[in-house]
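> Below is the structure I would like to discuss, written out as structure tokens.
Values in this text are rule-based calculations from the coordinates and carry no lab data. Just so it is clear, the model here is predicted, and its values are computed rather than measured. Using ideal geometry, Cβ is built from the backbone for each residue, glycine included, and neighbour counts are taken over all protein chains shown.
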Amino acid sequence: MSIGMGMIPADTTWISLVVVVDPSLHHDVVNVLINTAKAHHAATGGPNPRWAEWYAEHALDDLNRVLDSEMTVSELAEWLAQADMRYREENPEESWPKAYASWLLA
């Protein structure tokens, strides 16, 4: 017997994974996102259909430094657009910068 679409055997053992994120790292990512949002609103003054690209161009260096990563503008823009869709679908209680930071660090 299987669950769902017949792809997961019924005898599958599920393991919960808890990811512990350094609170200061989470805080740093949240701050990068908040500062980028403030700069975006100051620069554009309103809605911007290319917001993900704008955010990526302006946050990339700070996020790469904080995360010790080598993301590209296009990778970050794509991730931001996906995070925005997820946030709108899930409508979590926390602010979008906190939710995005949690997802990015997971």
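> Residue by residue, what Karplus-based ³J(HN,Hα) values in Hz, rounded to whole numbers, does region 90-106 have, using 6.51, -1.76 and 1.60 with θ = phi - 60° and x for Gly and Pro?
Computed from phi, the couplings for region 90-106 are 7, 6, x, 6, 7, 5, 4, x, 5, 5, 4, 4, 4, 5, 5, 8, 6 Hz.
> For Met71, which sequence-distant residues (separation of 5 or more, or a different chain) have an amide H within less than 5 Å of its own amide H, given hydrogens modelled in the peptide plane?
The list, which skips near neighbours in sequence, is empty: none.
> Let me ask something additional. If you place +1 on the Cβ of every Lys and Arg, -1 on the Cβ of every Asp and Glu, and leave all else neutral, what size is the dipole of region 21-105 about its Cα centre, to the nearest 20 Debye? All intermediate terms of the calculation are to be shown ahead of the outcome.
On the way: 6 positive and 15 negative charges, 64 e Å.
It works out to roughly 300 debye.
> With a 10 Å radius around each residue's Cβ, average the other Cβ atoms per peptide and rank 59-66, 98-105, 70-77, 43-50, highest first. Intermediate values should be presented prior to the final figure.
Values: 59-66: 16.5, 98-105: 18.4, 70-77: 14.5, 43-50: 9.1.
Put in order of decreasing packing, that is 98-105, 59-66, 70-77, 43-50.
> A further question on this structure: Once the Cα atoms of region 21-105 are picked out, what are the Rg and Dmax in Å?
12.2, 34
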